[in-house]
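The numbers here are math on the coordinates, done by the rules we state, and not lab data. All values derive from a computational prediction rather than experimental measurement. Cβ sites come from the backbone with ideal geometry, for glycine too, and all protein chains shown count toward neighbours.
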Amino acid sequence: MIEEPPVLTLRRNFNRPTAAQVAALKGVQTGFVVDAMGGRGALDGIIKPVSDDQSEFCGVAVTCHAGPADIMAPFAAIEVGGPGDIIVVATDGYVATAVAGDNMLGIAQNRGIEGFVTDGYVRDVIGIRRVGLPCFCAGVTPNSPACHGPGTVGQNIVLGGVSVNSGDIILGDLDGAVVVPLAMVDAVIARLESVRAAEADLDGKVRGGLKIMPFMEEIFKSGKIKEID
């Protein structure tokens, strides 16, 4: 027989990025960060902001895993987190009830939390918009959860197809949310300069009238295309 799990398994202590590392990624377009990580790192596109006007955030992930229809873990993660942190809640895609509402996000904001991300559903959209805390989720339902556990805080989770650990940097904008693993932060920051330069160069060429990408022009000239009537 499997042992009955504790209602909550919690880890408070984890390695964190420096304030300078977080600041270096604040306000950076998520697409640029993805490019600096080789084209990956974004959460599943179904995870979107509740409000387009409250979509930008960047901070340190505090992870939790919530059991079906349960909100003990996210409330505990909020207690573990602090100013500048982002609560990241995995639900294994459970969507029959909400995993957060306006009061939970209001409490999070009172503790200095700067964002909330989940692969589950939320409720109280009008209230969430009034609170103003950036909230990314897979959808909305008015169905209410319970608070019995079991859940975990501070452990590795998989959310939106991406592995997330407490201490990673997570950021979001209208394009979606992106996770930068703590071990990659310095390398990503270093690559951003060349990504920005390449984007600025291409933007200039497009605004100047560019009609075909050079690599596509080469493909058309390669003789490897078969045209049919």
- Message: Quick check on my filter: what residues within the range 61-84 are touching a residue at least 40 places away in the same chain (Cβ under 8 Å), of a type in the set (Gly, Ala, Ser) and buried (at least 20 other Cβ atoms within 10 Å of the Cβ)?
- Response: Ala61, Ala66, Gly67, Ala73, Ala76, Ala77
- Are there any pairs with C-beta distances below 8 angstrom linking a residue in the range 85-112 that is over 19 Å from Gly154 (Cα atoms) to a residue that is charged (D, E, K, R) and not in a loop (DSSP other than H, G, I, E, B), with the two at least 6 apart or on different chains, and if so which? Asp102/Arg130
- Query: Within the bounds of the range 148-168, is there any residue that is more than 25 Å from Leu8 (Cβ to Cβ) and either in contact with a strand residue (DSSP E or B) (Cβ under 7 Å, 6 or more places away or on another chain) or buried (at least 20 other Cβ atoms within 10 Å of the Cβ) (or both)?
  - Reply: no
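Among the residues in the range 213-225, are any out of contact with any strand residue (DSSP E or B) (no Cβ under 6 Å at 6 or more places or on another chain), buried (at least 17 other Cβ atoms within 10 Å of the Cβ), of a type outside the set (Val, Ile, Thr) and assigned to a loop (DSSP other than H, G, I, E, B)? Walk me through how you get there before you give the answer.
Within the range 213-225, the first condition is being out of contact with any strand residue (DSSP E or B) (no Cβ under 6 Å at 6 or more places or on another chain), and the residues that meet it are 213-225.
Restricting the remaining residues to those that are buried (at least 17 other Cβ atoms within 10 Å of the Cβ) gives none.
No, the range 213-225 has no match at all.
Looking for whichever is small (Gly, Ala, Ser) and touching a residue at least 60 places away in the same chain (Cβ under 8 Å) here; the options are Gly161, Gly204, Gly208, Gly223. Which one fits? I'd like the intermediate steps shown before the answer.
Working: Gly204 fails: touching a residue at least 60 places away in the same chain (Cβ under 8 Å); Gly208 fails: touching a residue at least 60 places away in the same chain (Cβ under 8 Å); Gly223 fails: touching a residue at least 60 places away in the same chain (Cβ under 8 Å).
None of the other options fit; the residue is Gly161.
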- Mind checking whether some residue in the range 176-195 is farther than 22 Å from Met72 by Cβ and over 23 Å from the mean Cα position of the chain (by Cα)? yes
- Only one of these conditions is not met by Gly101: (1) crowded, with 21+ Cβ neighbours inside 10 Å; (2) touching a Lys or Arg at 6+ places or on another chain (Cβ under 7 Å). Which number is it? (1)
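Which residue, of Arg12, Arg40, is in a loop (DSSP other than H, G, I, E, B), touching a residue at least 60 places away in the same chain (Cβ under 8 Å) and under 20 Å from Leu182 (Cα atoms)?
On the way: Arg40 fails: touching a residue at least 60 places away in the same chain (Cβ under 8 Å).
Within the list Arg12, Arg40, the selection yields Arg12.
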- Out of curiosity, is Cys58 more than 21 Å from Gly132 (Cβ to Cβ), crowded, with 17+ Cβ neighbours inside 10 Å and either out of contact with any helix residue (DSSP H, G or I) (no Cβ under 9 Å at 6 or more places or on another chain) or touching a residue at least 24 places away in the same chain (Cβ under 8 Å) (or both)? no
